[in-house]
Amino acid sequence: MFLNTVLVVLTDLAARLFGNTLFRRHFHLLLSAMLVFGPILSFWVSQYSVFAKRTHFLYRLFLNSGWGWTCIFAGSFVFLLSFSIRRSLSLSLRHLSRLGAAGGLWLGFRKLLDLLENATGSCYEPLATPEAEQPLLLLREGESKSECLGARMLWRGYEVSEDVFLLCLCCLLLAEEIAVFGPYLSLGGTSDAPLRILFLFCVLLLGLWIFLLLCLLAYFPQFPTQLLGGALGCLSWRGLYQGWYRLGPSWYCPGRPGLGLLNTKTSGGAEDGELRQGQYHQLNGSHKQ
C-alpha cells in the first residue's frame, strides 16, 4: 500500500511536469543550451573520474544500445497506454509506427554519415622515427574508417557525433511520447501499476540520457562534431513530430501522440468528448510558436 502510494505520487508529479505546456515548448531549447555550453564543464570536471573513461559500464551498457533501450520502454508505454484506452490493436500499432519511422530515419542518417566520413576522411599509419618527436603519418589509400580504426591506425576527416545525435533524438522522442500521460490522468483515465511503472521507467531513462549527454559534453568535448550531431537530432525531431506527424493519421502518417486517444467521445456524453478534444488540442498545440 505504501509503495503504491509512492508510485502514484511520483508518477503524478512527473506526468504534470512533462505534460506542462511550458516544458514542452522549451525542452528542445534546454537541450540546445546544453550542447552549446556543456563543453565548458570540461574546465571543472576531473579527468580521473570514472565517467572520463569510455569503458565505463554506463557507456557500454546504455550508450552503445541507446535506441534499443528507448524502443523497449517507450514502445511498451505507448502500446499499453493506447491499448488500455481503445482496446484496438490497429490503433496501438499505428502509434507504435512513430517509433519505427524515427528508427528508420536514425538508421538512414547513420548510413549517410558513414558514407560522408569515408568520402571526406583519410587513413594514416603512424611511423615511429628516432629523430622526430612525433611519429610520421603514412597515408593509406582505399581504407574505410572501420578498417582503419580496426587496424589501430589514425583516421582524419569530417565527422558528426553519432552518440550526441542519438541521445538528443531519444530525449526529444521520449519527452513527446510520455507527455500524453499528464492529460490522460487529468481526465480521470484509469492507470494501473504496470502503466505507471512503465511511465516511471521512461522518465528515468530520459534522465539517464540527459546525464550521459552531459558526460559526453564535459568529459569528451569535441567541437563542432557534437554540436552538429545535436543539431541533426533536433532537426530530425522537428521534421517528424513538428512536421510529418502533424499531417494527421493516414496510410502514410501515424499521427501525433495522443491522436485518437484523448479526443474521442466516451459514454459520458458530448460534454466529456468536447473536454477530451480541447485537452488534446492544448497538448498537441503546445509547440506552436
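Read the figures in this text as sums done on the coordinates, not as results from a lab. All of these numbers come straight from a predicted model, not from anything done at the bench. Here Cβ is always computed from backbone atoms with ideal geometry, including for glycine, and neighbour counts include all displayed protein chains.
A few notes on this one:
- Virtual spin-label span in nm between Leu137 and Leu187, 7 Å along Cα→Cβ: 5.8
- Val203, Val8, Val180 arranged by Cβ crowding within 10 Å, fewest neighbours leading: Val8, Val203, Val180
- Under-5 Å amide H pairs with Arg140, H placed in peptide plane, nonlocal only: Cys123, Tyr124, Glu125
- The alpha carbon radius of gyration of region 1-110, expressed as a multiple of 2.2 N^0.38 Å, is 1.42.
- Loop trypsin sites (Lys or Arg not before Pro), region 6-54 (other Cβ atoms within 10 Å of the site Cβ: 14 or fewer; DSSP): Lys53, Arg54
- With one equal scatterer per alpha carbon and no solvent term, the Debye-computed log10 I(q)/I(0) for the chain at 0.14, 0.15, 0.16 1/Å reads -1.07, -1.19, -1.31.
- Disulfide-incompatible cysteines by the Cβ rule (no partner under 4.7 Å) in the chain: Cys71, Cys168, Cys170, Cys171, Cys202, Cys215, Cys234, Cys253
- Nearest-0.05 FRET efficiency for Cys253 and Tyr48, computed from C-beta distance (R0 41 Å): 0.25
- When peptides 80-87, 105-112 are sorted by average Cβ neighbour count within 10 Å, with the highest value leading, the order is 80-87, 105-112.
- Here Arg16 and Arg238 are evaluated by their C-beta separation; at R0 = 35 Å the FRET efficiency comes out at 0.90.
- The orientation-averaged projected area of the convex hull spanned by the Cα atoms of region 1-57 comes to 6.8 nm².
- Low-density loop cleavage sites - trypsin sites (Lys or Arg not before Pro) in region 143-180, where at most 13 other Cβ are within 10 Å (DSSP): Arg152
- Estimated inter-spin distance, Leu7 and Lys111, nm [label 7 Å along Cα→Cβ]: 4.2
- FRET efficiency estimate (nearest 0.05) - Cβ-Cβ, Ala101 to Val36, R0 30 angstrom: 0.60
- Taking a span of 15 Å or more along the helix axis (Cα atoms) and a mean Kyte-Doolittle hydropathy of at least 1.6 as the rule, the DSSP H helices of the chain that qualify are 2-18, 162-178, 193-219.
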